[in-house]
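Student: Input: one structure, supplied below.
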Amino acid sequence: MERLSARLLSWASLIDEKTLDQAHTTARMPFIHPHLALMPDAHLGKGATVGSVIPTLGAIIPAAVGVDIGCGMIAVRTQFTASEFAQRDLAPLREAIERAIPLSAGRYNRKVVATAEPRIAELEGLAVKNDFDPASYAGNWMLQLGTLGSGNHFIEVSLDELDRVWLFLHSGSRGVGNKIATHHIAVAQRLNRQWWIDLPDPDLAYLVEDSPEFTRYIRELRWAQHFALLNREEMMDRVIRQVSEFAGTAVDEQERINCHHNFTESEKHFGKQVWVSRKGAIQADAGRPGLIPGSMGTASYVVEGLGNPLSLNSSPHGAGREYSRSAARRTFTHDQLRTAMAGIEFRDTDAFIDEIPQAYKPIDTVMADASDLVTIRHTLRQIVNVKGD
């Protein structure tokens, strides 16, 4: 860990100047308490750095939570071992998962399926309790539950160090969460202009605690966080059904972990009750299980938090980009992607060039930087990868 200023601490050994400048700018906001913590996977983001932990007194920066509210990971350890999948063509399993779960941006379910019905009912009740209608943001929000999205979202079948089979996926609150976030970022910007607040970046616009706008944001934020959590649960249940059919035996869950990495919670740190916005970071209280994925084709990790107080009990959420998507497409080739994915069943298309492992920081370096934040319980290596275009 390196103290870059009185209000900025960094665990990142690999970081560029633009990202550092952005983090310094956020750390200078007057309500940061006691400091901003940069995670090992930190990289440039919208307004605030992805891979940062931002504690605030009496205010929240909506863009510092991120536009994919509640984005995170879920993993299930099964009773299967590598031997039960060895020498089998895994393409039918990948294709079955692709049929069961709508992939890519703007693709949703055609109807609310039976497993989604109780989750939809739960979200409807939560929306009523929080006095808002999610249909005002997305009329088809119910059909978005159980859908993956695109970009770095994925579904994987992996093996751990004991050759046990894990199911692993990454997704968030989809279109409805994005629209909720975008709306409240705009509200904060309008209010800050109205109050003649001079911001170093318009995306650092904030909402003041106890104002009507703040209260509404927190209510809708929490709904979107819960949508994201249930979205992952719904997709995992569908993956489990496909794996059960492929294996010819029902999956027996040995362990399930579901954690956010784009979210806000009210927590006590350094003697103050603060709003902790983790934008690309997971909660890592002592003993708390967590998930840190690598990039496409590299290792992922099941971890346990160490409760490091200087990190505000946080850890990285993944590898963190080194190349933007456009830069990755200019730099890398389809052949390089194929080489990186050797031995892994995946949809072989140049649509995924911007997700090539070389576009990300080396996950081994990220995990070494995080050695005082988490301990590694399991190291996972992929055998099947599913992504949206």
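Student: Looking only at region 179-220, which residues are open to solvent by 60 Å² or more (accessible area, probe 1.4 Å), outside any loop (DSSP other than H, G, I, E, B) and not charged (D, E, K, R)?
Tutor: Matches in region 179-220: THR182, HIS183, GLN194, PRO202, PRO212.
Student: Among the residues of region 123-163 satisfying the criterion of being in contact with a His (Cβ under 8 Å, 6 or more places away or on another chain) and either at pLDDT below 95 or not hydrophobic (A, V, I, L, M, F, W, C) (or both), which is surrounded by the fewest Cβ atoms within 10 Å (Cβ to Cβ)?
Tutor: The selected residue is GLU161.
Student: Taking region 226-268 as the search range and keeping residues that are assigned to a loop (DSSP other than H, G, I, E, B) and either open to solvent by 30 Å² or more (accessible area, probe 1.4 Å) or modelled with pLDDT under 95 (or both), which one is nearest to THR147 (Cα to Cα)?
Tutor: HIS261
Student: Return the only residue of GLY51, GLY45 being in a loop (DSSP other than H, G, I, E, B) and either in contact (Cβ under 8 Å) with a residue 60 or more places away in the chain or under 19 Å from GLY307 (Cβ atoms) (or both).
Tutor: It is GLY45.
Student: Collect the residues in region 22-67 that are at pLDDT 95 or above, open to solvent by 10 Å² or more (accessible area, probe 1.4 Å) and closer than 19 Å to ASN178 by Cα, keeping them in residue-number order.
Tutor: Across region 22-67, the qualifying residue is only VAL50.
Student: Can you tell me which of (1) within 21 Å of GLY318 (Cα to Cα); (2) in a helix (DSSP H, G or I) is the one VAL157 doesn't meet?
Tutor: (2)
Student: Could you pull out every one of the strands (runs of 3 or more DSSP E) wholly within region 278-389 that has 3 or more residues that are open to solvent by less than 10 Å² (accessible area, probe 1.4 Å) and of a type outside the set (A, V, I, L, M, F, W, C)? Write out each step before concluding.
Tutor: Values: elements: 281-283, 289-292, 300-305, 314-316, 374-387.
Hits in region 278-389: 314-316.
For (1) in contact with a helix residue (DSSP H, G or I) (Cβ under 7 Å, 6 or more places away or on another chain); (2) surrounded by fewer than 15 Cβ atoms within 10 Å (Cβ to Cβ); (3) under 21 Å from ASP160 (Cα atoms), each residue gets a yes or a no:
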residue	(1), (2), (3)
GLN87	no, yes, yes
ALA91	no, yes, yes
ARG94	no, no, yes
ALA100	yes, no, no
ARG110	no, yes, no
GLU117	no, yes, no
ILE120	yes, no, no
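Student: For LEU93, state whether it is closer than 30 Å to LYS268 by Cα and in contact (Cβ under 8 Å) with a residue 60 or more places away in the chain.
Tutor: On the way: closer than 30 Å to LYS268 by Cα: no; in contact (Cβ under 8 Å) with a residue 60 or more places away in the chain: yes.
Against the criterion (closer than 30 Å to LYS268 by Cα and in contact (Cβ under 8 Å) with a residue 60 or more places away in the chain), LEU93 does not qualify.
Student: Restricting attention to region 118-146, which residues are in contact with an Asp or Glu (Cβ under 9 Å, 6 or more places away or on another chain) and either part of a loop (DSSP other than H, G, I, E, B) or touching a residue at least 60 places away in the same chain (Cβ under 8 Å) (or both)?
Tutor: Once the filter is applied, which keeps residues that are in contact with an Asp or Glu (Cβ under 9 Å, 6 or more places away or on another chain) and either part of a loop (DSSP other than H, G, I, E, B) or touching a residue at least 60 places away in the same chain (Cβ under 8 Å) (or both), region 118-146 yields ARG119, ALA127, ASN130, PHE132, PRO134, TYR137, LEU145, GLY146.
Student: Any idea how many residues of region 61-116 are part of a strand (DSSP E or B), within 23 Å of the chain's Cα centre (by Cα) and among the hydroxyl-bearing types (Ser, Thr, Tyr)?
Tutor: 1
Student: Also, I was wondering about something else. List the pairs whose first member sits in region 233-262 and is over 23 Å from PRO102 (Cβ atoms) and small (Gly, Ala, Ser), whose second member is at pLDDT below 95 and open to solvent by less than 40 Å² (accessible area, probe 1.4 Å), and whose Cβ atoms are under 9 Å apart, counting only residues at least 6 apart or on separate chains?
Tutor: Note: pairs meeting the criteria are ALA247/PHE85.
The values are calculated or read from the model by the stated rules, or taken from the named source; none is laboratory data. Keep in mind the model is a prediction, meaning the values are calculated, not measured. Every residue, glycine as well, gets a Cβ built from its backbone with ideal geometry; the counts of neighbours run over all protein chains shown. Ligands, DNA and RNA are stripped out before the accessible areas are found, and what is left, the full protein with its side chains, is counted by its heavy atoms. Shrake-Rupley method; radii C 1.70, N 1.55, O 1.52, S 1.80 Å.
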